[in-house]
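Asks: The structure is given below, and queries will be raised subsequently.
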Amino acid sequence: MGVSDTIGMVKEVVELVRKYNDLPLYQKIVELQGAVVELSGERIGLADKLQQAERRIAQLEEALRVTKVLRVGIDSYWTEDGDGPFCIGCWDTKRSLVRLVRSPGVMVFHTCPSCKTPVHKIGKPGEKDSRRF
Ligand SMILES: [Zn+2]
């Protein structure tokens with residue numbers, strides 16, 4: 001039974017009781033009507049919170065699934081099946097898997113379209129980083 005069905009039923013009871021001209025009973029029924037409306041509002045609020053929690057759980061489950069397949073390469077993340085490169089900063093701080101894009105220019109480098117971090121050398125997991133630090 002929905003909230004509006006319940007409120008409608010209580011309104012019918014209020015009308016029936018009013019016809020009996022029993023004032024104390026009528027007042028109690030009106031109080032009951034107010035309580036039903038209040039509880040209905042709480043129920044709607046709880047349904048919203050449940051929906052938000054379910055969305056958050058789905059986001060966390062997706063982040064966990066992605067975390068299990070990510071591998072660290074040279075200044076980038078890659079999936080275990082070789083998809084990438086993805087921005088390390090965006091994943092580590094926002095759990096957002098953002099593909100690094102190749103930037104045109106004299107010097108070839110990649111950039112994160114989200115956080116704008118330039119990445120001058122990337123490599124898949126296991127590749128040797130020949131840079132000197
Ligand atoms: Zn980024």
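The values are calculated or read from the model by the stated rules, or taken from the named source; none is laboratory data. Just so you know, these numbers come straight off a predicted model, no measurement behind them. Glycine also receives a Cβ, built like all others from the backbone with ideal geometry; neighbour counts cover every protein chain displayed.
Asks: Kindly indicate whether any position in the stretch 104-117 is surrounded by 12 or more Cβ atoms within 10 Å (Cβ to Cβ), touching a Lys or Arg at 6+ places or on another chain (Cβ under 6 Å) and not in a loop (DSSP other than H, G, I, E, B).
Replies: Looking for residues that are surrounded by 12 or more Cβ atoms within 10 Å (Cβ to Cβ), touching a Lys or Arg at 6+ places or on another chain (Cβ under 6 Å) and not in a loop (DSSP other than H, G, I, E, B), one finds at least one in the stretch 104-117, hence yes.
Asks: Further question: For the stretch 74-133, which positions are among the hydroxyl-bearing types (Ser, Thr, Tyr) and more than 26 Å from ALA58 (Cβ to Cβ)?
Replies: Restricting attention to the stretch 74-133, the residues satisfying the condition of being among the hydroxyl-bearing types (Ser, Thr, Tyr) are 76-77, 79, 93, 96, 103, 111, 114, 117, 130.
Selection gives SER76, SER103, THR111, THR117, SER130.
Asks: Would you mind finding the one in GLN33, GLN59, GLN51 that is assigned to a helix (DSSP H, G or I) and under 30 Å from GLY123 (Cα atoms)? It would help to see each step written out before you state the result.
Replies: On the way: GLN33 fails: under 30 Å from GLY123 (Cα atoms); GLN51 fails: under 30 Å from GLY123 (Cα atoms).
Only one candidate passes the filter, namely GLN59.
Asks: Among ASP92, ASP75, which is the only one that is among the acidic types (Asp, Glu) and touching a strand residue (DSSP E or B) at 6+ places or on another chain (Cβ under 8 Å)? Show your work before the answer.
Replies: Working: ASP92 fails: touching a strand residue (DSSP E or B) at 6+ places or on another chain (Cβ under 8 Å).
Result: ASP75 is the single residue among ASP92, ASP75 that is among the acidic types (Asp, Glu) and touching a strand residue (DSSP E or B) at 6+ places or on another chain (Cβ under 8 Å).
Asks: Continuing with the same structure: In the stretch 26-35, is there at least one residue being out of contact with any Phe, Trp or Tyr (no Cβ under 7 Å at 6 or more places or on another chain), surrounded by 11 or more Cβ atoms within 10 Å (Cβ to Cβ) and basic (Lys, Arg)?
Replies: yes
Asks: Mind listing whichever residues of the stretch 73-97 are out of contact with any Cys (no Cβ under 8 Å at 6 or more places or on another chain) and assigned to a strand (DSSP E or B)?
Replies: Let us first name the residues in the stretch 73-97 that are out of contact with any Cys (no Cβ under 8 Å at 6 or more places or on another chain), namely 73-75, 78-86, 88, 91-95.
The answer is GLY73, ILE74, TRP78, THR79, PHE86.
Asks: Checking the structure you have, find out if any residue of the stretch 60-81 is more than 30 Å from PRO118 (Cβ to Cβ) and more than 16 Å from the ligand (Cβ to nearest atom).
Replies: Yes, there is a match, as at least one residue in the stretch 60-81 is more than 30 Å from PRO118 (Cβ to Cβ) and more than 16 Å from the ligand (Cβ to nearest atom).
Asks: Next question, about the same structure. Scan the stretch 91-100 and give yes if some residue there is at pLDDT 95 or above, on the phi < 0 side of the Ramachandran plot and in contact with an Asp or Glu (Cβ under 7 Å, 6 or more places away or on another chain), otherwise no.
Replies: no
Asks: Now a separate question. I'd like the full set of residues that are farther than 16 Å from ARG99 by Cβ and exposed (fewer than 10 other Cβ atoms within 10 Å of the Cβ), limited to the stretch 66-85.
Replies: If the condition is that a residue be farther than 16 Å from ARG99 by Cβ and exposed (fewer than 10 other Cβ atoms within 10 Å of the Cβ), then LYS68 is the only one that fits.
Asks: Something else now. Within the stretch 95-125, track down each residue that is free of Cβ contacts under 8 Å to residues at least 24 places away in the same chain and closer than 19 Å to ARG71 by Cβ.
Replies: SER96, VAL98, ARG99
Asks: Kindly provide the set of residues from the stretch 101-133 that are on the phi > 0 side of the Ramachandran plot and either modelled with pLDDT of 95 or more or more than 10 Å from the ligand (Cβ to nearest atom) (or both), ordered by number.
Replies: GLY105, GLY126
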